[in-house]
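Every number in this text was worked out from the coordinates using simple rules, so none of it is lab data. Predicted model only: the values in this text are computed from it and were never measured. Every residue, glycine as well, gets a Cβ built from its backbone with ideal geometry; the counts of neighbours run over all protein chains shown.
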Amino acid sequence: MVSIRPLPIPTPNSEPFWNGLANHQVNLQQCNDCRAWVFYPRSHCNGCLSPNLTWRKVAGNGTLYTYTVARRPTAPQFIDETPQLIAVVELNEGVRLNSVMVNVLPEALFIGMPVKPVFHQQDSATLLYFEPA
Ligand SMILES: [Zn+2]
């Protein structure tokens, strides 16, 4: 049986992020007033509440902030993806995002590991995964 995986549904706020991934680039919002980087995508800066945010292309490099090795499927759609290396990555800009580590053995993961982006095509969506840098 083939299960359809859940895919992101872009909103007006998040569409530039997803469109960037489709073009194999990482776009983040930056506040024009306090210069803070903002993630997840939103309408106002979470540092100073300014609505003056600009999308900027970043390298997408960072470090592994924390992770867990899911040895059982996290949902029926992920039964073919075990162990799943669920990660929180801190980009060099300071924002953290939930993702998955690929191209690495679970035993090789460590907190603080330098990582770089992997643009993973899943059906109609491009997802942001990470691998060791
Ligand atoms: Zn701000």
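A few remarks follow.
- Each label point was placed 7 Å from the Cα along the Cα-to-Cβ direction; for Asn52 and Asp123 their separation is 4.1 nm.
- Spatial offset of segment 58-80 relative to segment 1-54 amounts to 19 Å, using the alpha carbon center of each.
- Summing charges over neighbours of Pro16, with a neighbour being any other residue whose Cβ is under 15 Å away from its Cβ, gives +2 when K and R count +1 and D and E count -1.
- Percent antiparallel among DSSP beta bridges (both partners in the chain, rounded to 5): 95
- A simple spin-label model places pseudo-atoms 7 Å from Cα toward Cβ; at Thr66 and Asn13 they are separated by 2.3 nm.
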